[in-house]
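Q: First the structure, which I've put down as structure tokens, then a few questions once you've had a look.
The values are calculated or read from the model by the stated rules, or taken from the named source; none is laboratory data. The model shown is predicted, which means the values in this text are computed figures rather than measured ones. Cβ: placed from backbone, ideal geometry, glycine included. Neighbour counts: every protein chain shown.
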Amino acid sequence: MQVFEDIFDRTQRMLTDWLSLKNIEQALEMMDPQVVWTGMGQGGSVRGRDKLRALFSGFRGQISPRVVSDLQMEIRAQDGQLCVVEGSFNLRSVSAGEQDFCRMTLVYRAVEGGEPRLVSGHISVPILPAGIHRRPTDTVRWSEYERLRRAFEEKIAQLELFTRSTMGGLMGLRLDEKYTYFYVNNKLCEMLGYTHDEYIAMSGGCATGAVYPPDLPGVLETVGRSLTAGDTYEVEYRIRNKAGDLVWVLDKGQRVADVADEPVIYSIVSDISRLKEAAEQLRIERERYAVVAELVGESSFEYDMKRDTLFEFRPSQEENGAHWVKYTGMDSIEGLKQVGIHPEDCAQVLQRLRADAVEITPGKLTAVEFRRRQQDGSYAWRRVLMRYLKGNDKEPLKVVGTVIDISSERMLLQEVHTDSLTGAYNRSYIKYEISRYLKKKDGDVFAGCLMLDIDRFKQLNDSCGHLCGDMVLTDLVKMMKRLYRSTDLVARIGGDEFMVFMKDVYSIGIVEEKAGRLLEMARRYAAEAGVSFEVTLSIGITTTRQGATSFEELYRQADIALYAAKAAGRDCWRTYSPEMKYPTEMEGH
């Protein structure tokens with residue numbers, strides 16, 4: 001690369017200034033202020049120009065003049081930021097005419113707008129300094145050289161962590177049959193739960209050994225085709241992690257030439273397991289929706305928008321076949337009620353119909369769900385699939401569609417989201433809803449959160465029986481659903497522990513007033529239900545204005561307030577304040 005094109009000349013000048021001419025300051029100018037010098041004789045390792053200057057100066061008067069000769073250099077590693085130069089030379093004493101053989105390893109870093117600087121270096125020295133007579137049997141100390149290698153590898157690891165931390169795992173591959181590794185960084189190993197040695201052992205030292213076998217043929221075909229067409233590839237496959245689970249990864253690679261002008265591949269590997277799982281769930285949902293949309297519903301309809309008239313066609317099992325039902329005045333809440341749409345759903349259905357009529361997309365299929373009254377007076381869930389038709393004047397003229405019974409789907413969703421005993425939402429659903437709510441940033445409104453449980457519930461079970469206990473739990477949920485709004489969430493967290501999440505409130509007083517009313521309802525309950533055990537509640541209250549940014553944080557605040565209510569004698573509520581703590585967090589515990 002251009003920045004390192006004169007690195008050999010620069011190295012020769014530095015060695016000459018330092019070892020021959022003793023121009024220490026000129027040599028130091030070529031080094032980074034935080035240069036690391038490893039294993040120079042007995043001096044150990046030093047960091048920084050100042051310490052290196054002192055080290056050089058200490059030897060300056062002890063060593064006779066000498067000459068650098070037979071300098072051999074080669075670049076061992078290079079990229080846009082770093083260049084590693086290794087080599088050897090003879091250090092000859094001018095007076096005695098004898099010479100010592102030295103090896104060197106120097107690491108340079110590119111500097112924006114300037115010459116490269118030495119950031120790490122080592123020159124092996126013999127046991128005796130240059131210029132002092134030694135016997136032919138004396139040998140160079142390689143222990144210091146090996147120590148340099150270890151220090152160099154650690155330095156490279158630190159630089160890689162800094163430069164690659166946001167890019168995923170990194171690997172270098174040779175373009176052989178197995179795509180043999182010549183480099184794998186620690187982040188890739190950690191991503192899969194392995195140590196570096198464990199990963200190499202698992203993969204056999206090659207990329208083909210790491211890929212989940214059923215995925216390998218497709219991977220090889222994709223990579224081969226991509227590298228035939230260009231120098232990059234992108235492929236998804238699975239790798240088994242240390243725990244035995246399959247992890248989906250995205251492998252983005254590029255073919256480049258190394259310092260020996262041999263083609264190799266550098267690749268970034270990212271964990272995409274969660275994205276794949278979400279994509280699969282989306283695919284299944286889309287497939288399910290497409291199948292449902294293709295099925296004939298319980299009825300079909302045609303709505304004339306200009307005349308505001310709806311004709312619904314209802315198939316019949318009777319001998320006289322089907323029949324049409326006519327409705328008028330559909331562009332209103334009252335008109336939708338006469339079709340049987342639940343009063344609470346009319347507004348959102350009407351809003352959706354009007355919004356879609358403003359901007360009609362050709363071929364767009366609109367879906368809307370609502371509850372519709374049945375012949376026995378109960379309500380069941382329906383989905384309407386419809387498409388708008390334009391007239392010659394390009395204005396919406398008619399809507400045609402079908403009505404599908406989705407009661408079973410809604411029942412399944414209800415089973416997934418609710419507690420089977422009480423009918424309250426379960427913990428996972430309220431956690432999801434609270435987490436989604438906390439992502440909103442509404443300034444004026446906030447949410448209240450109440451944690452509550454039944455005082456001495458175990459004693460109630462022991463004295464009245466578990467069937468009675470189950471009845472109390474179920475009746476408590478009914479009680480809360482009567483008291484709180486339909487937009488508020490009532491959930492059973494576990495056992496006799498419940499949570500109420502009140503969305504969009506303007507005052508903490510509203511939350512506390514509802515808590516007081518719930519306590520009163522619970523006190524009257526035992527006598528009204530014929531339960532021989534006094535039923536009271538303890539309630540902890542917090543709000544999203546206390547700074548909670550996650551479900552866990554909100555849960556903790558409300559739970560601490562619940563403990564405070566119990567400590568105050570039960571049958572009461574307490575509101576969280578920052579100085580409150582769990583009993584085990586208080587002094588003396």
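Q: Look through the stretch 173-194, keep the residues that are among the charged types (D, E, K, R) and buried (at least 16 other Cβ atoms within 10 Å of the Cβ), and return whichever of them is farthest from the chain's Cα centre (by Cα).
A: Across the stretch 173-194, the extreme among qualifying residues is 174.
Q: What residue, among those in the stretch 403-420 that are in contact with a Gly (Cβ under 9 Å, 6 or more places away or on another chain) and surrounded by fewer than 18 Cβ atoms within 10 Å (Cβ to Cβ), is farthest from residue 367 (Cα to Cα)?
A: Per the criteria, the residue is 414.
Q: For a quick check of your reading: which strands (runs of 3 or more DSSP E) sit entirely within the stretch 267-380 and have at least 1 residues that are at pLDDT below 85 and exposed (fewer than 13 other Cβ atoms within 10 Å of the Cβ)?
A: 323-328
Q: For the stretch 229-250, which positions are under 16 Å from residue 174 (Cα atoms) and either in a helix (DSSP H, G or I) or in contact with a Leu (Cβ under 9 Å, 6 or more places away or on another chain) (or both)?
A: 233, the sole residue that qualifies.
Q: Something else now. Starting from the stretch 464-477, keep only residues that are in the same structural domain as residue 519 (by TED's automatic domain parsing) and assigned to a helix (DSSP H, G or I), then list their pairs with residues that are of a type in the set (Phe, Trp, Tyr) and modelled with pLDDT of 95 or more whose Cβ atoms are within a distance under 8 Å, requiring at least 6 positions of separation or different chains.
A: 476/498; 477/498
Q: Just to be sure I understand the filter: pairs with C-beta atoms under 7 Å, separated by 6 or more residues or on different chains, first member in the stretch 244-265 and farther than 18 Å from residue 216 by Cα, second member part of a loop (DSSP other than H, G, I, E, B) and modelled with pLDDT of 90 or more. Which pairs pass?
A: Here the result reads 254/231; 255/231; 263/175; 264/175, each pair linking the stretch 244-265 to a residue that is part of a loop (DSSP other than H, G, I, E, B) and modelled with pLDDT of 90 or more.
Q: Residues that are of a type in the set (Asp, Glu), modelled with pLDDT under 80 and either farther than 30 Å from residue 256 by Cβ or touching a Ser or Thr at 6+ places or on another chain (Cβ under 8 Å) (or both): does the stretch 83-99 have at least one?
A: Pass one, the stretch 83-99, residues of a type in the set (Asp, Glu): 86, 98.
Filter once more, so that each one left must be modelled with pLDDT under 80: 98.
The next check asks that each one be either farther than 30 Å from residue 256 by Cβ or touching a Ser or Thr at 6+ places or on another chain (Cβ under 8 Å) (or both); those that pass are 98.
So far as the stretch 83-99 goes, yes, one or more of its residues are of a type in the set (Asp, Glu), modelled with pLDDT under 80 and either farther than 30 Å from residue 256 by Cβ or touching a Ser or Thr at 6+ places or on another chain (Cβ under 8 Å) (or both).
Q: Say we look at the stretch 421-442 and pick out the residues that are basic (Lys, Arg) and in a loop (DSSP other than H, G, I, E, B); which of these is surrounded by the fewest Cβ atoms within 10 Å (Cβ to Cβ)?
A: 441
Q: While we're on this one: Out of the stretch 12-27, which residues are out of contact with any Asp or Glu (no Cβ under 8 Å at 6 or more places or on another chain) and closer than 20 Å to residue 91 by Cα?
A: So the first thing to find is which residues in the stretch 12-27 are out of contact with any Asp or Glu (no Cβ under 8 Å at 6 or more places or on another chain), and the list is 12-22, 25.
Answer for the stretch 12-27, where residues must be out of contact with any Asp or Glu (no Cβ under 8 Å at 6 or more places or on another chain) and closer than 20 Å to residue 91 by Cα: 12, 13, 14, 15, 16, 17, 18, 19, 20, 21, 22.
Q: For the stretch 536-576, which positions are touching a residue at least 60 places away in the same chain (Cβ under 8 Å), of a type in the set (A, V, I, L, M) and surrounded by fewer than 22 Cβ atoms within 10 Å (Cβ to Cβ)?
A: Across the stretch 536-576, the qualifying residue is only 548.
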